[in-house]
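Accompanying notes for the structure given below.
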Amino acid sequence: MELNKKFIAKMTRIYGAIVLVSNVIAVLVPQLISIPVLDEENNRIWEAFLKTNNLSSVAMIFAFLVPTLVCIIYAYRIFKSDEKIVKNVAEIPSVFSLSSVIGWNLYYFIEIPFVIYAHSRFGIYIKAILISSWAFALFSGMTAWTLSYLAIEILNRTVLLPKVFPEGHISRNGFSFRPSFKHLMFFCFMVSSVFPVVILLSSYISVQINNGLTLHSGVIIVSVLLLVIAFIITLGLSRLILNPLKKLTISSKNIQNGDYKTKVGIVTSDELGDLADSFNDMATSLAEKEFMRDTFGKVVDPEVRDYLMSGAGKARLGETLGGETREVTVLFCDIRSFTAMSEKMAAADVVSLLNRYFTALGKCITNHHGIINKYIGDAIMAIFGAPVSSENSAKDAFEAALDMRKALELVNKEFYREGLPQLRFGIGIHTGPVFAGTIGAENRMEYTVIGDTVNTASRLESLCKTYTTDLLLSEAAADKLGKTIGLSFVADAQIRGKTEPMKVYTFNGLLV
């Protein structure tokens, strides 16, 4: 994945500007909202002291300088490598907005020693001043955090992250600053309910105390009751949203693991209900497609299916019919005297017998990286080395043939116990170039191999009758196996359709 660092750097600078503007607004908002003061006289002396020493300006510089430095340092660190950018780009909204909270906290702590100094010099009571200063820093910091986080997060999700993660899959690796939806709901409760109620209640209490009036407990009780109701509403709303999302997440993982029958039990008429209905419809559609894929894998070999559905296969099917020339090994296997045997059996019994026979031998072929290209009556045509390449297709075909011998023995034992005919077969194996690809009409095609190699393998299988053996290999296939196998030379056979005779081999020993 190639990252557009110039674009990411541009967005980072925009995020930094958002943090700066948010802090400016955070300074102006408290000026418009009266922070409650419990001791007006002491606060007047303290404000006069601040104006004389320009302390507020110095502390304000830190409130702006710290977020700026945090943003610059964080951006510098993540731009050291592409890996760091990918790992941390989703954290930018949280880190940048959190820098404002750090800055305003420093603003408050910078004031503390000066408050203590004013106390020793003017004899003012510092408790109310510290509370008032803390309220100012807290309100300003939370205002800056809210504005900057929401603005940067919206831009990050809609502009930057789709560029960096076009396929999605943004995972939480280890510690993360990114708040979850549950945390955002809690913060919404704090900003929209707790802070306003606390400020209004504090203002009421300060006015009552400064004017020597009696506090009414009913106002405090109503305020607490409002907070409780708001918390219950926030909790209920979060549950209404998060519980269905958890069900959707669990169901999506089930589908990812192959359980296409999973359903989301969300029954509601709102947007979440529409989402659940769409999800269930998608699951049904995927189940139908998986059924079609599975059925397709039974009509053709699964490896051919996967090839045709892969990128190369789709490109081939999307262009024209055709394929490529490549070296493969072709195996033909045919049952001896099948026509005479089938005349004595009912058609249904013949099909049942063939199905059991093909199943047993088919496993031997697929276990050695071969594909069953087609069934021709009672014969099997298998390919080794296409569409998936093989290091030694002749060796795969040879080992599959030896397993087919063993499988036939087991099948015949079962047939003998059931009173069914005993089967014999002949196998021909040849290695050579073929044209492999999709062949047929534009609206009906199959994946197969064409060429003299196929014809030669078929002729070798027929010659098994002549040389009274169940396995013949061409010289080309034998050369691929090497001398360690211990093949037996049979004859210089005359292959129908060829002018020159071909050396053919068989194998009657045991592999070490």
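Every read-out reported here was derived from the displayed coordinates using simple, explicitly stated rules and does not represent laboratory data. These numbers come from a predicted model, not from an experiment. All Cβ positions, glycine included, derive from the backbone under ideal geometry; neighbour counts span all protein chains shown.
What to note about this one:
- Computed FRET value (nearest 0.05) for Lys413 with Glu167, which takes r as the C-beta separation and R₀ as 56 Å: 0.60
- Remark: spin-label model distance Val159-Leu248 equals 2.6 nm, labels positioned 7 Å along the Cα→Cβ axis.
- Alpha-carbon gyration tensor eigenvalues x 5, square-rooted, for the stretch 336-410, Å: 27, 12, 10
- Database remark: amide H of Ala491 closer than 5 angstrom to the amide H of Val504 (H placed geometrically; neighbours at sequence offset of 5 or more, or on other chains; Pro and chain starts carry no H).
- On full extension, the segment bounded by Ile102 and Gln494 gains 132.0 nm, given 0.36 nm per residue less the C-alpha separation.
- Computed from the Cβ-Cβ distance with R0 of 45 Å, the FRET efficiency linking Ile205 to Ser269 stands at 0.50.
- The label-point distance for Val197 and Thr214, in a model that sets each label 7 Å from Cα toward Cβ, rounds to 2.6 nm.
- For the stretch 101-170, the list of GluC sites (Glu not before Pro) that fall in a loop by DSSP and count at most 12 other C-beta atoms within 10 angstrom reads Glu167.
- For the set Lys80/Lys246; Lys289/Lys395; Lys374/Lys406, the pairs lying more than 26 angstrom apart at their alpha carbons are Lys80/Lys246; Lys289/Lys395.
- Reachable lysines, given that their alpha-carbon falls under 26 Å from the alpha-carbon of Lys84 and they are not under 8 places away in the same chain: Lys5, Lys6, Lys10, Lys163
- Remark: the Ile229-Asn257 segment gains 5.9 nm on full extension, using 0.36 nm per residue and subtracting the alpha carbon distance.
- Theoretical gain in end-to-end length, His183 to Asp277 [0.36 nm per residue, Cα-Cα removed]: 31.1 nm
- Packing-based order for 488-501, 385-398, using average beta carbon neighbours within 10 Å, highest first: 385-398, 488-501
- Label point distance in nm, Asp349-Lys10, each placed 7 Å from Cα along Cα→Cβ: 8.0
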